[in-house]
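Here it is: the structure, laid out below.
Rule-based calculations on the coordinates, nothing more; no lab input. Values in this document were obtained by computation on a predicted structure and should not be read as measured data.
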Amino acid sequence: QIYRQFPGFGYLILDSLALGNMFFRNDENVKVLTCPLLILHAEDDAVVPPHLGRKLFEMARGAYKDKSKVKFITFPEKLGLGHDYISSNPELPTLVKDFLKMK
C-alpha cells in the first residue's frame, strides 16, 4: 500500500509484472502443490484480510490428497504482528521446526 502512492508505481512495477506474465496466483498454485504447505497468517493483517488466508487454506486442503500436509497457523490480533511482523514472533522457529518434522 505504501509503494502504490509513489509516482510511476503502477506502470513501472505492476504493468511490468503483467507484461512479463508474472502473476502471484496463490489460489491456483495451491491446487497443484504436493509438498507440505504451511500457511501463516496474522489476524490483524490489514493488507491480506484473514478471511483470504482461511480461503487459501481451504482451497489447498480441498486439492491435497493427504490433508495432513496442509497446515494453517493464525496469530492473534493482540500480538500486533500485522502483515509484516510474523517473523518477529519468538514462537515462529519452533512452529516451523515442528512443521518440518511432519511426515
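Whose amide H sits under 5 Å from the amide H of HIS83, counting only residues 5 or more places off or on another chain, with H placed in the peptide plane?
Under 5 Å from the amide H of HIS83 lie the amide H atoms of ALA46, VAL47, each far enough along the sequence or on another chain.
Could you state the per residue volume, in Å³, of the convex hull enclosing the Cα atoms of the stretch 39-86?
So the per-residue Cα hull volume is 61 Å³.
Would you pull out the residues with amide H under 5 Å of TYR64's amide H, same chain only if 5 or more places away, H placed 1.01 Å from N?
Sorted by chain and number, the residues that satisfy this come to none at all.
From the backbone phi of the stretch 54-65, what are the Karplus-calculated ³J(HN,Hα) couplings (6.51 cos²θ - 1.76 cosθ + 1.60, θ = phi - 60°) in whole Hz, Gly and Pro given as x?
5, 5, 4, 4, 5, 4, 5, 4, x, 8, 6, 5
Mind listing the long-range amide H neighbours of ILE39? Cut-off is under 5 Å, sequence gap 5 or more, other chains count too, H placed in the peptide plane at 1.01 Å from N.
Long-range HN contacts for ILE39: LYS71, PHE72, ILE73.
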